[in-house]
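Below you'll find the structure, written out as structure tokens, and then a few comments.
Laboratory data are not the source of any read-out in this text; all were calculated from the coordinates shown. In this text, all values refer to a predicted model and were calculated from it rather than measured experimentally. Cβ placement follows ideal geometry from the backbone for every residue including glycine, while neighbour counts extend to all protein chains displayed.
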Amino acid sequence: MKRDEQNIRKVLDRYLGRYGEPPREHVDSAVEHVRQRLHPEIAHAPGPATLDFHARKGWLTPVAAAAVAVAIIGSAVLVQNIRPRKPAEVIAELSDGKLIQAEPRIRPNERLRSGEGGALIALADRSRVEVRAQSELAFERAGDGIRIRLYKGGVIVTAAKQGQGHLYVQTRDMTVSVLGTVFLVNAEEEGSRVAVIQGEVQVQQDATAKKLIPGQQVATSPSMELRPVREEISWSRHAEEHFALLQQSAVPESKVTQPAQHLEFAVISIKPISGDIRSIMSSFGSLGFACHGTDGVPRAPFRGGPEIPVPLGRCVGIGVNLAWLMNYAYESPWRYGPNVPDWAKSTGELGQEPARFQIEAAAQDPSAVTTAQLRQMLQAMLADRFKLRVHRETQGVQGYALVLAKNGPKLKEATGELEPPHFGPGPGIKGKSSLDELAQYLPQFVIAFANLGFLDGPFVNKTGLMGIYEYEFQLSRSGGGGGGARGEVPAGGPPTRLDRAADTVAAISGGMESQLGIRIQPEKIPADVIVIDQVEKPSAN
Amino acid sequence: MSTATVTDPIQSPAPEDFDCVYREYAPLVYRTAWGVLGCREDAEDVLQTVFVKLLRREFVPDLQKNPKAYLYRAAVNLSIDLLREKRMRPALLVDAERIEKTAPAGQSEINEDLYLRLYEAIGRLSPSSAEVILLHHMQNKTTAEIGKALGISRTHVAVRLFRARTRLRKLLTQEKKR
């Protein structure tokens, strides 16, 4: 009986876990596709079953819809009253050129049209929306702020600081979100375009999100002609004020169309460094790579010797190789493709030394660049100077399973209040929780302890132990532990990210095995991975 | 097939509320459908269908009590339904290719017949049993997480799991004998 139970468990784990997790880009893109298909209907749904979702071939025929309806809630539901949606009607005209208080004059979801003289609308939070002539729009309450739905025409939004929330402008093919800034949005037949006058906005189209800073603009369709921002805002009654703001922003106007990378360093210096890691250390005194954004100096992927000073708005690397740059720029698992040359590889094999560089790169406005933007700039730098080309695919990555050790578990059932797993003395881990919770905590621990930035795969509990246990264990000394940021370079050069992960996991496993009767077993788990297709050695400048 | 039972629809969400619900739960629905179907297009169909239902006011009180559990269940049921539909129609070369492409490397030895029989059997379980089986074995959720999502105790989840596995074992054995 027990064996049967084990067998069925095995079959279920194997077959039901067959597809693993979908790649993140699939999820994002599907969610956005469906949202866009549904959204025009949502705001104007006049009553039950009057919507016409004729989105895709073979989708929701009346018969299939009936089957689906029964399956979904086990009950009969109305599907026969589907009829074409009436075109949304314009139900309010905006007065020419006059300032309108949005509340109580404008109701949520009312579709509005401006006259020949345009309109100016003041929102309760003191944001102002200047509406171009003959534009159509509506205001909605979003989950964390206000959404302006722009159907046609253009708006210039002077968004007040939104506190915790956002102000959104949504056209049929993209969404702009802001915290407090001045920007314009045009909705046209071919697509939409956004330009920023002051501050920063995030533009989302399908699964692609990008940030724009003053002077930059983006169009959703390559066929759309991009004009200078100052021309784009010339229709405004406050055009002169907007020009002045644009000039103050001190970022030269640049034009961007998708999918071009718009966030780029203003200055980049890349110099190859010859010699192995020891000679680099003796010449430069330090080794490492880090970027400094307005939200702090992120942890370096590896550092040897004294800390390298990194000025605000810059990325600095001494002896940096491609692997470090990839780790920092992408923050997700990546692999070498078959055409990657040897100089680019950090395999850890004896005699295989990757090419190293001295890099210093600065953003245009160092005081206004975040670490996330610096990462994007690094990606752009890799694409431009290293001619890096990548693609994403699902691959088996290194994950870990908690399994029972040879002599069985030495766990104590917990009593009293639960205590989530946390860093304990020793160093070690302690807590009162299920082993599933412990497994979920372990990646954070490994990332922090080994100074990794990210870990390829997750930990899963495969011990079969489902209780709540009280545990405390120290990491075994045989494992390598952290490494990384200790200011020393090991004899064979710095350990790779995978080495440090493996060492730390081994130390945890050793501690767990002797103290809890559980060990960690490496396992391959499917995950979304970036694969390097092409890379070239950058020329020095 | 289930008998028809008309439930009282509750008030539908305002557009902004719908948007919040969509943003929060759409990834869960898609991931769930993917886990069963392993196919991008089909998972997207399921995602769309689930939220169309929501827009059409086809609610049950469960949705307000525990939207995550409700939407999860809806995604699973729709996916199983789609799988059954595929099972009934002749296999297409395209489908076979798609399965090959989406299956992770190293798992080509999976027995396709058993895979379908397994889902057939899961489809014959009660919705609550199918739900815990998929949450635990497909999504690697712990009993505590499942309990939290469904609003039941962890012990209750463990019991449901055990019974569901026993029932599944019987269904698969019977099927084999036939």
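For A:Ala383 and A:Ser234, what is the calculated FRET efficiency with R₀ set at 45 Å and r taken between the beta-carbons, to the nearest 0.05?
According to the calculation, E is roughly 0.85.
Take B:Phe162 and A:Glu413, extend 7 Å from each Cα along the Cα→Cβ direction, and tell me the distance between the two endpoints in nm.
1.4
Using a Förster distance of 25 angstrom, determine the FRET efficiency expected from the C-beta separation of A:Glu25 and A:Glu190, and round it to 0.05.
Once rounded, the FRET efficiency stands at 0.50.
Give me B:Lys68, B:Lys170, B:Lys53 ranked fewest to most by other Cβ atoms within 10 Å of their Cβ, as a rough exposure proxy.
B:Lys170, B:Lys68, B:Lys53
Counting Lys +1, Arg +1, Asp -1, Glu -1, what net charge surrounds A:Gly517 among other residues with beta carbon under 13 Å of its beta carbon?
Local net charge: +3.
Which value in nm describes the separation of the simple spin-label points at A:Asn7 and A:Glu116, placed 7 Å from the Cα toward the beta carbon?
8.5
For peptide B:132-145, how many partner chain Cβ atoms fall within 10 Å of a residue's Cβ, on average?
5
What net charge do the residues around A:Phe265 carry, taking every other residue with its C-beta under 12 Å from that of A:Phe265, with Lys and Arg at +1 and Asp and Glu at -1?
Local net charge: -1.
What does the charge count near A:Asn186 come to, summing +1 for each Lys or Arg and -1 for each Asp or Glu among other residues with Cβ under 9 Å from its Cβ?
Spelling it out: positives minus negatives among the neighbours equals 0.
Using 0.36 nm per residue of separation minus the Cα-Cα distance, give me the extension gain between A:Ser274 and A:Ser221 in nm, one decimal.
14.6 nm
For the pair A:Gln521 and A:Val267, how long in nm is the line joining their label points, each one 7 Å along Cα→Cβ?
Using points 7 Å along Cα→Cβ, the separation is 5.6 nm.
Want the number for A:Ala244 to A:Ser514: 0.36 nm per residue separation, take away the alpha-carbon distance, what's left?
Result: 90.3 nm gained on full extension.
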